[in-house]
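Visitor: Could you have a look at this structure, given as structure tokens, before my questions?
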Amino acid sequence: MISVFFVASCGLAYELVAGALSSYLIGDSVLQFSTVIGCYLFAMGVGAHLSRYVTDEDVLARFVDVELAIGLLGGASAALLFLGFAWSAGPFRALLYALVFLIGALVGMEIPLVMRALNAREARFADLVSRVLTFDYLGSLAIALLFPLVLVPHLGLVRTGFLFGLVNVGVAAWTIHAFGGAVANARGRVLRAGAVFLALGAGFAASDRLVYFSERGMFGDDIAYAITTPYQRLVLTRWKDDLRLYINGNLQFSSRDEYRYHEALVHPALQSLPWARSVLVLGGGDGLALREILRYPNVRQVTLVDLDPRVTELFSTAPDLTALNHASFHDPRVHLVNADAARWIESTTDTFDAVFVDFPDPSSFALGKLYSVPFYAALRQRVSAHGTVVVQATSPYFAPHAYWCIEATLREAGFHTAPYHTYVPSFGEWGFILATEDGAWSPPAAYRLPMRYLSAEVTREMFAFPPDMTPPKVEANHLNTQALVRYFDEDWHRVIR
Amino acid sequence: MRRRDFIAAAATLGAGGLAVAGFEDSQRYDATIDYPGRAIGHRLRDARELPPPSETWRTEVLIAGSGIAGLTARRQLARRGRTDVLLLAGPERHGNAAGGGDGELRYPTGAHYLPLPSRESTHVRELLADFGIITRDPYGERPTYDERFVVHAPAERVWYRRAWQDGYLPTEGVGAAERAQAERFFAEVASFAQARGSDGRRAFAVPVEHSSTDARFTVLDAQSFAAWLDGRGYDAPGLRWYLDYCCRDDYGRCATEISAWAGLHYFCARDGDAANAERGAVLTWPEGLSYLATHLEAAGAGAIVPASVARLRVGADGVEALAVMTDADGGNPRTARILARYGIAAMPLYVLAHVLVDPEKHGFTAGRDLPEYAPWLVANFILDAFPGERPGVPLAWDNVRYGSPSLGYVVSTHQDIRLDRPARTAFTAYHALAERGARAGREWLMRASARELTELAATDLGPAYGWRLPLCTRRVAVTVRGHAMAVPRPGFLSNAGVRALRTGNGPLWFAHTDLSGVSLFEEAAWWGYRAANAITGHPPT
């Protein structure tokens, strides 16, 4: 029955380290997720192979050692990775794969050693295999439930890591206790277990501070807010007067230069639509685009559709955020809808004079569909006769194929386009595409409202593309092939290397 | 940790413990088993007594069957101005194109996709344009399709050596010689796809009736696809598994049992291109072909009655039929007599053989001409959450397991365009029971317990998701199709009885994909379209 413990712990360390860390820290890239798991499974194979070099007399002692090593490495892995990620992104992957490999190899040794230890002592082999594997999978099941439901929400990743480390140490201690004399040098191993236990316990106690320091290291600044919603993890940092929002580790804005982004997103379109009454914003839960839109007295109603109620709630209540977005969510003209914008657009019957689409970049097949002909065609149904659409379209400098693919897709959906770009220091060169039904659109020559960034001259330059940003030859984003996701992936790969 | 959190955590721990204790039980699924047509079918087969008709219905055109053939005929009649039409829906509305639902979820319980129609399939292109699925240039080289319905990337993936990879045929981790053989195969079928016979027709066409009758090609019908592959030196195990999978997927049996002509038809006939999709793309909907059946239904005219035909004959003044209505369990039968000027028997041949009076007069002898029917199991796993994925390519529309005797599973919400994935979904698993004989498979399906059926249905889902599958599954909706499709065995092209049924001259016509010998939407629609045109005096095109 001790095997319950053994094996549950194997399952734990497995699910925890491989699954959560890769998705949490490296983000949503399928490639990385699968390579981490692949590496882990491969390492388990190596571990299983290595286990044959343990002699029969040594099995129990080695098992204790392996458990202690897993406890130490696995337990501290989350903290190590967090800290490593905070300090440097370069060797981070080396650290990640090295850790994953080491832990995987150790975990791979566990089950063979357990089976051999038990085989030498009791039971038919058939019973043994059945029982060990049953409990192995049961352990996985228990952890699969506990991990997302209880442990991570209540303890956080780093502390959960330490907790599992402690469980491994517990298994080691239990083994020494249960098999007593059969374990060589039991006293020495008890001491070692104690040391590891203390180290992990200290880590467990200090994990909040560790996370704070590592996120601070990662983002470079103090953490003002950090919330995890069912959809994403938001971290808001502050350094002097600079507020920065990160979603899943990706910078969304810096309060120092966000006005550049949002003025460029909103004003070229709205300056040209003095008759605009109703405006739609898809995404933009930070209320910053909203702030710019509400400056127009002719705008009577703004509908903002954002998926995550926790985000819009944060941005309509936290004082320094409402100071930044001028309490835009409290404006009576604003109608907030917390819904999936793509689903909402299919069901609404309203039409809008201006639409601003501020979706996440097309980094997955699911998100790529929000930059497709059917989506834009549905959007077109919701735009009034001489209305205008503006789409956030990634960087025409760093991701030119993706940017121009979005432009081609809008044209394929029947829009006339006016692509433009601007420089946002914290982002780099960033791109938008303005789309109209009739094509009779030209950039505004002046702005009625005072601007911090835009001027007639800046606007002229925004709509001109210098020679190093010449449009490449691209195909439109057809859902059957989803060229955009491939372009986006390849473009950013070239940048990051 | 606050007190409330602690209680919540403790409760969850307890639930986790219960889940562990109930591990054995969790392997079982809450399942509903549907046997469409079984009750009424067995009543007709066993020629059980029916009560005498209590009333008589008169109509100009009687259509017996609400599958794609019957519905296409009804629509075509309406287009030609014939509205005095009575359609008897048969035991299952939409037949093999049926679908189901659970809350907001829609899923197929039969066929679930339509390849981009070939150049010859003008009858299909016409209705797709009518339904707004083709948005531009319906009869051109490359029509534009509404992309919501063209299967979205990633379209398919295959589970091979503990990881998912792109496509159906594994390429990663496969030797160069095997890959070269696959390339040789696809090059050879590509040249067959271009080939034309001495009659100027394409060697393999959809509709099948438009294919060349040049003996150079029809001779392929004399041997099995497996024998043809052997003869051409295609022996790579990966390629052969894939080709076998294709045969089971389209014809319900393995390559050893189907005609080489049919095997090649699968690869050569579907040459539909699109302005906005790749060749080989397919159209799909969450509810499968039920989407098209529903549109066809709406485009027709005249009553649709939930009754089945028990007897059908050519009478003095047209067509006479006996319609039978029963309760859902097949009990409490009532009958009505139907007098029609024209009739369209839009039902599979194994039903026709029991219903048609004197089939020999129409040239059809059941003992000689009736094809073998493959049984199918279609199981919809209604999931409350997406189960965690194993390494490799992310969840695709169609997901198959290399080496599996089953046919993989499709994801009903794949075509959603959403910021966030839906909370719930349905995975539809298909299994043709090709590993058993057709009759043995059918008998097993009728005998099998709910647990045996769901276990068979999970042949591919099980290995892909392990224990996560029962954890995420709310229930399984199983559809048992004892006679899902006619199998194109060697020699099927020269089936004399089927040929005779194709060339009816009224007042009774036959319309079913069985007249083509292969089970395809395009073929069913073709025969429905032809029958309606014949009735309205338009010569076949």
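Visitor: Every residue in the range A:293-333 that is of a type in the set (D, E, K, R), out of contact with any Ser or Thr (no Cβ under 9 Å at 6 or more places or on another chain) and part of a loop (DSSP other than H, G, I, E, B), please.
Guide: A:295, A:331, A:333
Visitor: Let me ask you something else. Restricting attention to the range B:284-329, which residues are more than 24 Å from the chain's Cα centre (by Cα) and of a type in the set (S, T, N, Q)?
Guide: B:326
Visitor: From the set of residues in the range B:363-398 that are within 14 Å of another protein chain (Cβ to nearest Cβ) and outside any loop (DSSP other than H, G, I, E, B), which is nearest to residue B:447 (Cα to Cα)?
Guide: B:398
Visitor: May I pose another question? Show me the helices (runs of 4 or more DSSP H) entirely contained within the range A:341-386 in which 1 or more residues are touching an Asp or Glu at 6+ places or on another chain (Cβ under 9 Å), closer than 15 Å to residue A:406 by Cβ and more than 10 Å from chain B (Cβ to nearest Cβ).
Guide: A:373-381
Visitor: Select from the range B:325-353 the residues that are at pLDDT 95 or above, under 22 Å from residue B:96 (Cα atoms) and either in a strand (DSSP E or B) or β-branched (Val, Ile, Thr) (or both) and list them in ascending order.
Guide: Across the range B:325-353, the qualifying residues are B:343, B:344, B:345, B:351.
Visitor: Looking at (1) exposed (fewer than 15 other Cβ atoms within 10 Å of the Cβ); (2) in a loop (DSSP other than H, G, I, E, B), which one does residue B:183 not meet, given that it meets all the others?
Guide: (2)
Visitor: Does at least one position in the range B:283-291 carry a residue that is part of a strand (DSSP E or B) and either under 27 Å from residue B:99 (Cα atoms) or not basic (Lys, Arg) (or both)?
Guide: yes
Visitor: In the range B:443-475, which residue that is under 24 Å from the mean Cα position of the chain (by Cα) and among the basic types (Lys, Arg) is nearest to the other protein chains (Cβ to nearest Cβ)?
Guide: The qualifying residue nearest to the other protein chains (Cβ to nearest Cβ) is B:475.
Visitor: Could you please find all residues in the range B:229-252 being closer than 19 Å to residue B:486 by Cα and not in a helix (DSSP H, G or I)?
Guide: B:252
Visitor: Looking only at the range A:387-407, which residues are outside any helix (DSSP H, G or I), surrounded by 23 or more Cβ atoms within 10 Å (Cβ to Cβ) and either among the hydrophobic types (A, V, I, L, M, F, W, C) or in contact with a Phe, Trp or Tyr (Cβ under 6 Å, 6 or more places away or on another chain) (or both)?
Guide: Result: A:389, A:390, A:391, A:393, A:394, A:396, A:399.
Visitor: For the range A:257-279, indicate whether the set of residues that are assigned to a strand (DSSP E or B), closer than 17 Å to residue A:394 by Cα and away from chain B (no Cβ under 14 Å) is non-empty.
Guide: For the range A:257-279, residues assigned to a strand (DSSP E or B), closer than 17 Å to residue A:394 by Cα and away from chain B (no Cβ under 14 Å): absent.
Okay, residues lined up against (1) polar (S, T, N, Q); (2) modelled with pLDDT under 95; (3) within 25 Å of residue B:96 (Cβ to Cβ):
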| position | (1), (2), (3) |
| --- | --- |
| B:234 | no, no, no |
| B:249 | no, no, yes |
| B:278 | no, yes, no |
| B:292 | no, no, yes |
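Visitor: Here is a follow-up. For the range A:395-409, enumerate the residues that are of a type outside the set (Gly, Ala, Ser) and within 14 Å of chain B (Cβ to nearest Cβ).
Guide: A:405, A:409, listed by residue number.
Visitor: Of the residues B:458, B:432, B:440, which single one is closer than 15 Å to residue B:31 by Cα and modelled with pLDDT of 90 or more?
Guide: Residue meeting the stated conditions: B:458.
Visitor: Within the range B:255-264, does at least one residue satisfy the condition of being touching a residue at least 12 places away in the same chain (Cβ under 8 Å), under 30 Å from residue B:137 (Cβ atoms) and over 18 Å from the mean Cα position of the chain (by Cα)?
Guide: yes
Visitor: Take the residues in the range A:135-152 that are surrounded by fewer than 19 Cβ atoms within 10 Å (Cβ to Cβ) and more than 9 Å from every other protein chain (Cβ to nearest Cβ), then tell me which one is nearest to residue A:233 (Cα to Cα).
Guide: So the residue we want is A:152.
Visitor: Looking for whichever is assigned to a helix (DSSP H, G or I), within 27 Å of residue A:368 (Cα to Cα) and either in contact with a His (Cβ under 7 Å, 6 or more places away or on another chain) or away from chain B (no Cβ under 14 Å) (or both) here; the options are A:336, A:290. Which one fits?
Guide: A:290
Visitor: Keeping to the range B:196-214, report how many residues are closer than 24 Å to residue B:513 by Cβ and part of a loop (DSSP other than H, G, I, E, B).
Guide: So the count comes out to 12.
Visitor: Can you say whether residue A:392 is without any contact (Cβ under 8 Å) to a residue 40 or more places away in the chain and away from every other protein chain (no Cβ under 11 Å), as far as the supplied structure shows?
Guide: Answer is no for this residue.
Visitor: Right, here's the next one. Just checking, how many residues over the range A:471-490 are part of a loop (DSSP other than H, G, I, E, B) and facing chain B (nearest Cβ under 9 Å)?
Guide: So the count comes out to 6.
Visitor: Which members of the range A:153-162 meet the condition of being assigned to a helix (DSSP H, G or I), under 16 Å from residue A:81 (Cα atoms) and within 14 Å of chain B (Cβ to nearest Cβ)?
Guide: A:159, A:160
The values are calculated or read from the model by the stated rules, or taken from the named source; none is laboratory data. Model, not experiment: these values are computed from the prediction. Reconstructed Cβ throughout: ideal geometry from the backbone, glycine too, with neighbour counts over all protein chains shown.
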